[in-house]
1. In segment 24-38, how many are more than 20 Å from the chain's Cα centre (by Cα) and buried (at least 24 other Cβ atoms within 10 Å of the Cβ)?
2. So is Val383 away from the ligand (no atom under 14 Å from the Cβ), surrounded by 24 or more Cβ atoms within 10 Å (Cβ to Cβ) and touching a residue at least 12 places away in the same chain (Cβ under 8 Å) or not?
3. Return the total of residues in segment 39-92 being part of a helix (DSSP H, G or I) and either surrounded by fewer than 17 Cβ atoms within 10 Å (Cβ to Cβ) or away from the ligand (no atom under 15 Å from the Cβ) (or both).
4. Counting only residues that are of a type in the set (D, E, K, R) and touching a residue at least 12 places away in the same chain (Cβ under 8 Å), which one in segment 204-242 is farthest from the ligand (Cβ to nearest atom)?
5. Any residue in segment 83-112 that's under 22 Å from Gly188 (Cα atoms): show its pairings with residues that are more than 12 Å from the ligand (Cβ to nearest atom) and in a strand (DSSP E or B) at Cβ separation under 9 Å, as long as the two are six or more apart or on different chains.
6. State whether the residues of segment 302-320 include one that is out of contact with any helix residue (DSSP H, G or I) (no Cβ under 8 Å at 6 or more places or on another chain), over 30 Å from Ser246 (Cα atoms) and among the polar types (S, T, N, Q).
7. Inspect segment 355-366 for any residue being touching a residue at least 24 places away in the same chain (Cβ under 8 Å), crowded, with 24+ Cβ neighbours inside 10 Å and part of a helix (DSSP H, G or I) and give the result as yes or no.
8. Is it the case, given these coordinates, that Leu68 is modelled with pLDDT of 95 or more, within 20 Å of Ala206 (Cβ to Cβ) and assigned by TED's automatic domain parsing to the domain that holds Arg398?
Amino acid sequence: MVSLTNGRTASPSMRGNTTFLPTERDALRVAKVEREIDRAVGQGPGPSYDSVVICGAGFTATLMAARLARSAQFHGKVVLAGPRTVESRRVKDGLTLRGYGTDYISYALDVPQNEYVAALYGDIIDGRGIGTRNLWAQAKKGRDGKYEFARVFAWQGGLHAGYSRPLFYGARNSRMQGAMHELMDRSGVIEVPDKVGSLEEAFDLAPGKRPLIVNAGHNQRLLGADVPKVDWATIAVQAPLRIKPSGMRYIGTNSAMLAPVVRGKTMDVVLFNAYADPLSPRSSFYGIIVVEVYPERPGFNQQKETDILIDELYGIADTMGLELDDPDETLFHGLIPGSPWRAPASNPGTLELQMIAHPGVSATFSDGMTSGAIGAVTAAEAVLRGVDPDAATRRALRVMNRDRRMWNLTRTKIARPADLALRTIGGAATFYPHGLHVAKTWASAG
Ligand SMILES: Cc1cc2nc3c(=O)[nH]c(=O)nc-3n(C[C@H](O)[C@H](O)[C@H](O)COP(=O)(O)OP(=O)(O)OC[C@H]3O[C@@H](n4cnc5c(N)ncnc54)[C@H](O)[C@@H]3O)c2cc1C
């Protein structure tokens, strides 16, 4: 064991035979992650599995592999199976990574947070993707067809000053995954680029006799879990944005602005965020619009819904003085299938990590990567300590998953009264869930 400056201890790192000794802000971050892991996982007798096969090689999967690969017990005994995300300018998947989630990522990789952030932004690093304020203003289409905003208020970081700690990093998801892959201890991971098709195939890949098989991919029935069928999904459109020559309005640098639009009885989630990407060096924001849909209900028309959202994205960006940056190459739109709000139990010897860490709906709350990071690290720590990873991961994510559900109910069940409250009393209407709990799961600890 190695003593840290804060009096705690860390397991020796296997990453390139180096030991990272966190100092200053990183010491606070590591200490907080360790405290939360201790709370969710507790202590156990030590590993009962002799190897781990992770099916899926995306965001959550890579982080679990990274944490295990740098441990003395599982170095060389972790399989990361499946095709990795290919980097491209198109902005598929989440782009707002909370500072709190980044603490878990740096912990899993065993690097200072700045090293990970430098890998995200590369040679365009100038602070522009780093978020220190979360703003909010309800939006609607005016009679002239242009979007207008209600009063802008800050629900985190104040209107002008900003937090002293990173609230979020706006970056391209495929770069985030690329950076993890670059910084993780790859010598401790067995990478298999093929998709796993069954539990038996996963077992065949294990380098030991008592493996834990983890489902971190999107085939929910891969390991035989009893998964209820769900009929919800989300449609999302998103694109990087550049500032028009006339200048931007309503939003400042290093900010995110949530600008929900009520359509019918629900709210479209509209979010504009500080953003930076070395492949899109002229962008300094991105915009996303997400709506919950029920594809099997009569009258559902994916193309029509997507067109409405793309129109909204162009219209609201215009009001803010922003424009889409090379949409032919960068714009993403797609339908993301939903998951049960409560993940089914993992069968013995398996862990349904994807469903535990990503319940309900995707892309609506800037939380999927953070819940993925917490889930991945907690599951790995449970394996290292010999504690049930299913129970530990659920405990670690209880608050985040509840807040995601609360926000979902607000948007889909009480959208009109919530819109009225947000327009009239502003920040006070966000007290729950935003003020109370959600704030705790945004900022980095240091
Ligand atoms: C458009 C979009 C915007 C998002 N915005 C944010 C954000 O701002 N902040 C944040 O923290 N998270 C966001 N998320 C969620 C976040 O991207 C994921 O939670 C995160 O990548 C970790 O999930 P994973 O490990 O399962 O991902 P990966 O294994 O990396 O896989 C993600 C991929 O799987 C696809 N997918 C997701 N669910 C299913 C499914 N049930 N069946 C088939 N394919 C599926 C996705 O489209 C994506 O291509 C967003 C997701 C999307 C799609």
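1. The number of residues fulfilling the criteria is 1.
2. On the way: away from the ligand (no atom under 14 Å from the Cβ): yes; surrounded by 24 or more Cβ atoms within 10 Å (Cβ to Cβ): yes; touching a residue at least 12 places away in the same chain (Cβ under 8 Å): yes.
Considered against the rule, which asks whether it is away from the ligand (no atom under 14 Å from the Cβ), surrounded by 24 or more Cβ atoms within 10 Å (Cβ to Cβ) and touching a residue at least 12 places away in the same chain (Cβ under 8 Å), Val383 comes out as yes.
3. So the first thing to find is which residues in segment 39-92 are part of a helix (DSSP H, G or I), and the list is 39-41, 59-69.
Among the residues that remain, those that are also either surrounded by fewer than 17 Cβ atoms within 10 Å (Cβ to Cβ) or away from the ligand (no atom under 15 Å from the Cβ) (or both) are: 39-41, 68-69.
Residues flagged as part of a helix (DSSP H, G or I) and either surrounded by fewer than 17 Cβ atoms within 10 Å (Cβ to Cβ) or away from the ligand (no atom under 15 Å from the Cβ) (or both) within segment 39-92 amount to 5.
4. Narrowing segment 204-242 to residues of a type in the set (D, E, K, R): 204, 209-210, 221, 226, 229, 231, 242.
When the remaining residues are screened for being touching a residue at least 12 places away in the same chain (Cβ under 8 Å), the result is 209-210, 226, 231, 242.
Numbers: Lys209: 28, Arg210: 25, Asp226: 17, Asp231: 13, Arg242: 19 Å.
Ranking the candidates gives Lys209 first.
5. Arg84/Glu191; Asp110/Ala10
6. Going through segment 302-320, the residues out of contact with any helix residue (DSSP H, G or I) (no Cβ under 8 Å at 6 or more places or on another chain) turn out to be 302-320.
After this cut, where a residue has to be over 30 Å from Ser246 (Cα atoms) as well, the list is 302-305.
Those left that are additionally among the polar types (S, T, N, Q): 302-303.
There is at least one residue in segment 302-320 that is out of contact with any helix residue (DSSP H, G or I) (no Cβ under 8 Å at 6 or more places or on another chain), over 30 Å from Ser246 (Cα atoms) and among the polar types (S, T, N, Q).
7. Looking for residues that are touching a residue at least 24 places away in the same chain (Cβ under 8 Å), crowded, with 24+ Cβ neighbours inside 10 Å and part of a helix (DSSP H, G or I), one finds at least one in segment 355-366, hence yes.
8. On the way: modelled with pLDDT of 95 or more: yes; within 20 Å of Ala206 (Cβ to Cβ): yes; assigned by TED's automatic domain parsing to the domain that holds Arg398: yes.
Yes; evaluated as a whole, the condition is true for this residue.
The values are calculated or read from the model by the stated rules, or taken from the named source; none is laboratory data. Treat the numbers as computed from the prediction; the structure is a model and nothing was measured. Note: ideal-geometry Cβ built from the backbone for every residue, glycine included; neighbour counts use all protein chains shown.
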